[in-house]
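A.B. asks: First, the structure itself, so that you have it in front of you.
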Amino acid sequence: MEAAIELNDVYKAYGTTVALRGLSFSVPEGGRYALLGPNGAGKTTTLRLLVGLMKPDRGSVRVLGADPSSNYEVKRYIGYLPEDATPYLTLTVRENLEYIAALRGVEDPRDRAEEIMDLLGIRQYERYRVSALSRGNMQRLAIALAIIHKPRVIFLDEPLNYLDIPTQEQVIKILSDLNATTLVATHIMSVAGRLTDHAVIISRGRVVWQGTFDGLRKLGREDEPIESVVARLMTNAEQVP
């Protein structure tokens, strides 16, 4: 199956701080993968490279076969939810949705805005300025903005933050129904298990494990801190002759 997401020997540094050290992995078209790792592992940097917000210092990044930092067309097929996403605070919920829908080339931004407000249960807030929303409803809006154009590839950074359990289940179903290639960055194994079926674990900018989520469950409980799993993986690797 053809890869929708590819990173090959990617290095990225911020001054003297190295965030990624030869990172390589791929996600097949239609795959649902988690990018797991402790805070500071390089997850957010990886997503920023994949959506074209920055370029690698070395190595290559491809989404749907193109470099997202220089190919504007491929960005039309990408949805992105950054961690702690903040939509335009001075605009209303509806204005945010219609503006982003138009920007992404949606044929009828008004109709699509109404459809997705109903889907995510935020229609009653359509005339609220974003600055007046609770953090949970702001997260719902941010998810709506990330998928309003029905992207082929979705990058999500801690997507279940601030959501109550019923809303989390609703969002999980919505994302599954999109049938898009999905990469979820998280440091929580249980979140990864609910949203994806494969995982790539990174630590200090390198891949330390990858495989199916069933395989990951054999490494540790879903409520176990990812730091413990990484420490065990690194210890086992050091013991291999």
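The values are calculated or read from the model by the stated rules, or taken from the named source; none is laboratory data. In this text, all values refer to a predicted model and were calculated from it rather than measured experimentally. Don't worry about glycine lacking a Cβ; one is built from the backbone with ideal geometry, like all the others, and counts go over all protein chains shown.
A.B. asks: Suppose we filter the stretch 113-128 for residues that are assigned to a helix (DSSP H, G or I) and either of a type in the set (S, T, Y) or more than 22 Å from the chain's Cα centre (by Cα) (or both); how many remain?
C.D. replies: Residues meeting the conditions: 6.
A.B. asks: Is there a residue in the stretch 131-140 that is among the small types (G, A, S), at pLDDT 95 or above and under 13 Å from Y33 (Cα atoms)?
C.D. replies: no
A.B. asks: Sticking with this one: Exactly one condition in (1) aliphatic (A, V, I, L, M); (2) over 22 Å from K173 (Cα atoms); (3) surrounded by 15 or more Cβ atoms within 10 Å (Cβ to Cβ) is false for I116; which is it?
C.D. replies: Against the list (1) aliphatic (A, V, I, L, M); (2) over 22 Å from K173 (Cα atoms); (3) surrounded by 15 or more Cβ atoms within 10 Å (Cβ to Cβ), I116 comes up short only on (2).
A.B. asks: Next up: Given the structure, is A180 free of Cβ contacts under 8 Å to residues at least 60 places away in the same chain, under 25 Å from G52 (Cα atoms) and surrounded by 15 or more Cβ atoms within 10 Å (Cβ to Cβ)? Full working, then the answer.
C.D. replies: On the way: free of Cβ contacts under 8 Å to residues at least 60 places away in the same chain: no; under 25 Å from G52 (Cα atoms): yes; surrounded by 15 or more Cβ atoms within 10 Å (Cβ to Cβ): yes.
Criteria not met by A180.
A.B. asks: Based on this model, can you work out whether V208 counts as under 27 Å from G65 (Cβ atoms) and under 20 Å from the mean Cα position of the chain (by Cα)?
C.D. replies: no
A.B. asks: Only residues that are assigned to a loop (DSSP other than H, G, I, E, B) and either surrounded by 16 or more Cβ atoms within 10 Å (Cβ to Cβ) or not acidic (D, E) (or both): list them for the stretch 200-241, please.
C.D. replies: Those that are assigned to a loop (DSSP other than H, G, I, E, B) and either surrounded by 16 or more Cβ atoms within 10 Å (Cβ to Cβ) or not acidic (D, E) (or both): R204, G205, K218, L219, G220, R221, P225, V240, P241.
A.B. asks: Looking only at the stretch 147-175, which residues are free of Cβ contacts under 8 Å to residues at least 24 places away in the same chain and either of a type in the set (A, V, I, L, M, F, W, C) or in contact with a strand residue (DSSP E or B) (Cβ under 9 Å, 6 or more places away or on another chain) (or both)? Please lay out each step first, then the result.
C.D. replies: Taking the stretch 147-175 as the starting set, the residues that turn out to be free of Cβ contacts under 8 Å to residues at least 24 places away in the same chain are 165-166, 169, 172-173.
Within the stretch 147-175, I165, I172 qualify.
A.B. asks: E98 versus (1) surrounded by 19 or more Cβ atoms within 10 Å (Cβ to Cβ); (2) closer than 18 Å to T182 by Cβ; (3) of a type in the set (D, E): which is the lone unmet condition?
C.D. replies: For E98, the failing item is (2).
Quick grid of which residues meet (1) modelled with pLDDT under 95; (2) out of contact with any Phe, Trp or Tyr (no Cβ under 7 Å at 6 or more places or on another chain); (3) among the hydroxyl-bearing types (S, T, Y):
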site	(1), (2), (3)
G59	no, no, no
A66	no, yes, no
R76	yes, yes, no
I116	no, yes, no
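A.B. asks: Output the number of the condition that M189 fails; it satisfies all remaining conditions of (1) closer than 18 Å to D84 by Cα; (2) more than 12 Å from the chain's Cα centre (by Cα); (3) among the hydrophobic types (A, V, I, L, M, F, W, C); (4) crowded, with 21+ Cβ neighbours inside 10 Å.
C.D. replies: Looking at each condition in turn, M189 falls short on (1).
A.B. asks: Let me ask something additional. Within the stretch 196-209, how many residues are under 12 Å from V230 (Cα atoms) and either in contact with a strand residue (DSSP E or B) (Cβ under 7 Å, 6 or more places away or on another chain) or without any contact (Cβ under 8 Å) to a residue 40 or more places away in the chain (or both)?
C.D. replies: The number of residues fulfilling the criteria is 8.
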